[in-house]
Structure formats: C-alpha cells, structure tokens
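Report on the structure given below.
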Amino acid sequence: MPAFATSTTVLDSILFRDAFGTAEMREAFSDRSLISRYAEVEIALARAEGRCGVIPQQAADQIAARTDVAALDFDLLRRETEIVGYPILPLVHQIARQCGDAGRYLHWGATTQDIMDTAVVLQMRKGFEIVERDIGVLRGILADLSIRHRDTPMAGRTHLQQALPVTFGSKTAIWLAMFDRHAERLAQLKPRVLVGQFAGAAGTLASLGEKGFEVQQELCEELGLRVPVATWHVARDGFAEAVNFLGLVTGSLGKIALDIMMMASTEFAEVYEPFVKGRGASSTMPQKRNPISSELMLAAAKAVRQHAGLMLDAMVQDFERATGPWHAEWIAIPESFVLTAGALHQANFALGGLIVDDIKMADNLDISRGLIVAEAVMMGLAPQIGRQEAHDVVYDACRLANEKHVTLADALSADPRVTKRIDRATIVRLTSPKNYLGLAPEMVDRVLAASKR
C-alpha cells in the first residue's frame, strides 16, 4: 500500500490538490518557498546595510555567500517556531550559525514582521505573475468564442425565464469584458501592493538612526519592490485589496461556471464541457456527464469569497502591532492564490474546449412559439396603431397563443386589428427571434475592439 502524506485539506491532498489548485501556484506559496523568501529578504537587508555602511561590507558579503536554505534543519525550525510563535527568530539562529562571525550582523535593525511581510509580498508577486498569465489565456479563449459565435442566436434569460433573443457571442463577450477589467485592476493594484516592509520594532526605524530611510530604500531596490511611504505593519489595505481582487476574479469565474452548468443541464443542452473519457461520470448512472470544471470553479469562488471577508476583518488591528488579525492573513493569502489558480486552470480547460450546440440553442429559442419576441411585434405595430393599442393587441395574441398552443404568428394572423395593417410575411418576420437580436453582434465588436486596446 502506498505511503500517504499527512495532508488534510484539498489544497495539498494527493486526491484533490490538482482539482483545486496548480503545482505552480502551490510551489510559489510552499513552505520551502516561503522560507527561501525569508532568507532572500535577510540577505537583501544585509547587502543594503553593507552599502549604507550600517554593517561591515565583509559581513554582508559573508551573509550572502553562506546562507544556505537547503542546509537548514527544518524539523528544528518547526519545533522552535511552535515555541516562539513566529519563524524568523529560529531562522535567524540557524542562518547566523551558517555565517560564522558575520552572523552577528544578521537581521540588523529589523523586526520579525518586516521580514515576514516582505517575504509574502515576494510570494504574491510571483502569484500575480501566474494569475496575470492565466487571465491572459482566458481572455484569448473568450475572444475566440465571441468571434465564432458573434451571430449565433440563443434565448436570453432573465429571472430564469426566456426574455429576449441574444447571441452566444454576446454572452461570452460580457464574460470577456469582466476579465479585461480584471487585467486592468491587476495592473493598477501592483504598485499599491508590491511594496517592501522595513520599519523596525514599532515602525519608526529608530534602531538605524538617520540611516533608516536609506537602508529601507536600498532594501526595496535590491528586491525590486516599491519603497513604502509609511510603515504598514498595521495598515493592511494592500493585502486586503490583493485577496479581494482574487475574490472578484473567482466571482466572475463562478458566474461563468453557473451559466455553463445550467446551459449543460438536460433541459437546456446548449453547451458542454470538453469530452474526456470518464470525466464527470457517475458511479451508478452511465449516461451522466457532469460539468466538473464548472463545479470546481464555483466551489473555489465561494471559498475565496470567505477569505476576502476574512482579510477585510483582519484590517482592524490594534495600535502598532496586531494581536491576532495578522495571523489570519497567513491562512487567507496562500489559500486564495492557490484556489484562484485552480479556478483559472479549470476555466481555461472548460472554455478552451467548450462544445456549443447552436442547433439546440435555435430549438430552445423557438420553444415559446415566437412569444419571446412579443416586444418586437409590439414595436413593429406601434407606428401603425399607437404603442398602447399595440401592447393590448399583442397581449391578447400572446394569451391566445398560450391557450391554443399555436404560434404567435398564427395568433396575430387571426386578429383583424393586425391583418388589416400588416401582411402575413411581415408578421412572420416580426415573430422570428433571429430577427430581433438588437445590437448584440455589434456589442461583441465593441468588446473585442476594447479588449485589443
């Protein structure tokens, strides 16, 4: 029997981890990655302080040369972290031993949160790169669907009832416009979020005297991060914005997933996720083809939404160092990034191979026997008999069509108030859903043009 890891959540489960995340994003937020980022910040701080003359340059060089994450005793690091409550002091102890005499200059003037916050910013930078790339792929897929189905008519639905005709391309163009905005949001939030943290014990840089701002700037430049205008130890809007952005992304994916799941139901049968033998199969019903990717997208959206709320709650922090809310971020940030990556992966798979049944869409569009375009008939008659009378005439025809189970065209043709003004050919044209798409195709064009910009 194979040996199983002691994972307890879907994020690292051997069964579910690739359903709810991706290996790439898990690696970006893995323990080893996080500890490596801690070490990276400590090395960058030593280099910055060496250049500023705060510590000997030789000591800075030794710290950079001798720090070896692979050689750390991770079991000892875990045990000491449980005792201390934070990993930085135990980590500094081990790295200092690696660096010999130079180790006494390690972590000079820093506080634990400086190192941990900056390390998380480095992780988030990598996470955003992955999210940005995957959103780009999704936008390309949605643009292709919008082009291909620009003129594919289908029933538009409001309150789960058929409303007016739309095109499937207009539906996917609306999805595309959402992700165009998400791409814009991501570009805008990076300067606010990818900011270094270095301010010392109470956020005043007191331990470095007049060198504080200089070291802070050198450190951030070393790491390729923006320099903070003010200490943000307890000003957590940047991190909250990051996770709430992921909440917006997964919320949009959840909306798409819900549409796909409903359109894939037996009664609609308009779209299907890509066929993969065995995917979505039931253990008891051989005919089933469940929309697995959409289900996972929707689940991820619900989970990230909870973390977005948690991050807003964690913004309420006491004085100059929080007593608990900070720790909540350790849960919310990695899980949100992994779930978002998983949801984007599922979306790119599902939409990249989406099977669209335009014949079934046309059949569903005709299911109301023309009633879906009652508005078109009313507007077509209005110039002849006035809007209010046109409304009453069409209302009566709709009632007759429902009672007698005939088409709206037949019901209208039986009303002399209609036939003495317009002929049968005009009635047929007005009651054809395909002739009442409004500006849906042109809206697709507008979205595509804006997306290219």
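The values are calculated or read from the model by the stated rules, or taken from the named source; none is laboratory data. Remember, predicted model here, so these are calculated numbers, not experimental data. So basically every Cβ, Gly included, is an ideal-geometry build from the backbone, and we count neighbours across all protein chains shown.
Annotations for the structure displayed:
- Single residue of segment 93-112 satisfying the filter (hydrophobic (A, V, I, L, M, F, W, C) and assigned to a helix (DSSP H, G or I)) that is surrounded by the fewest Cβ atoms within 10 Å (Cβ to Cβ): 96
- Those helices (runs of 4 or more DSSP H) lying entirely in segment 384-429 with at least 2 residues at pLDDT 90 or above: 387-404, 408-413
- Sub-9 Å Cβ pairs linking a first residue in segment 301-313 that is in the same structural domain as residue 333 (by TED's automatic domain parsing) and surrounded by 18 or more Cβ atoms within 10 Å (Cβ to Cβ) to a second residue that is modelled with pLDDT of 95 or more and among the aromatic types (Phe, Trp, Tyr), at least 6 apart or interchain, are 308/245; 311/239, ordered by first then second residue.
- Residue 290 meets the conditions (1) closer than 27 Å to residue 182 by Cβ; (2) surrounded by fewer than 23 Cβ atoms within 10 Å (Cβ to Cβ) in every case but one. The failed one is (1).
- With respect to the conditions (1) closer than 27 Å to residue 340 by Cβ; (2) more than 25 Å from the chain's Cα centre (by Cα), residue 25 falls short on a single one, namely (2).
- The set of residues in segment 221-253 being among the small types (Gly, Ala, Ser) and in contact with a Ser or Thr (Cβ under 9 Å, 6 or more places away or on another chain) consists of 242, 247.
- Only one of 373, 338 that is outside the structural domain of residue 144 (by TED's automatic domain parsing), surrounded by 16 or more Cβ atoms within 10 Å (Cβ to Cβ) and either at pLDDT 95 or above or not in a loop (DSSP other than H, G, I, E, B) (or both): 373
- Matching residues in segment 78-92 - criterion: being surrounded by fewer than 17 Cβ atoms within 10 Å (Cβ to Cβ) and of a type outside the set (D, E, K, R): 81, 83, 84, 85, 86, 89
Condition check ((1) under 20 Å from residue 242 (Cβ atoms); (2) among the hydroxyl-bearing types (Ser, Thr, Tyr); (3) within 25 Å of the chain's Cα centre (by Cα); (4) assigned to a strand (DSSP E or B)) across all residues:
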{"position": "125", "(1), (2), (3), (4)": "yes, no, yes, no"}
{"position": "135", "(1), (2), (3), (4)": "yes, no, yes, no"}
{"position": "140", "(1), (2), (3), (4)": "no, no, yes, no"}
{"position": "185", "(1), (2), (3), (4)": "yes, no, yes, no"}
{"position": "192", "(1), (2), (3), (4)": "yes, no, yes, no"}
{"position": "210", "(1), (2), (3), (4)": "no, no, no, no"}
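- Among the residues making up segment 153-181, those that are of a type in the set (S, T, N, Q) and surrounded by fewer than 20 Cβ atoms within 10 Å (Cβ to Cβ) are 158, 161, 162.
- Residue check, residue 332 within 42 Å of the chain's Cα centre (by Cα), part of a helix (DSSP H, G or I), of a type outside the set (Asp, Glu) and modelled with pLDDT under 90: no
- Residue in segment 225-234 that is assigned to a helix (DSSP H, G or I) and touching a residue at least 12 places away in the same chain (Cβ under 8 Å) present: no
- Total residues in segment 359-377, condition within 34 Å of the chain's Cα centre (by Cα) and touching a residue at least 24 places away in the same chain (Cβ under 8 Å): 5
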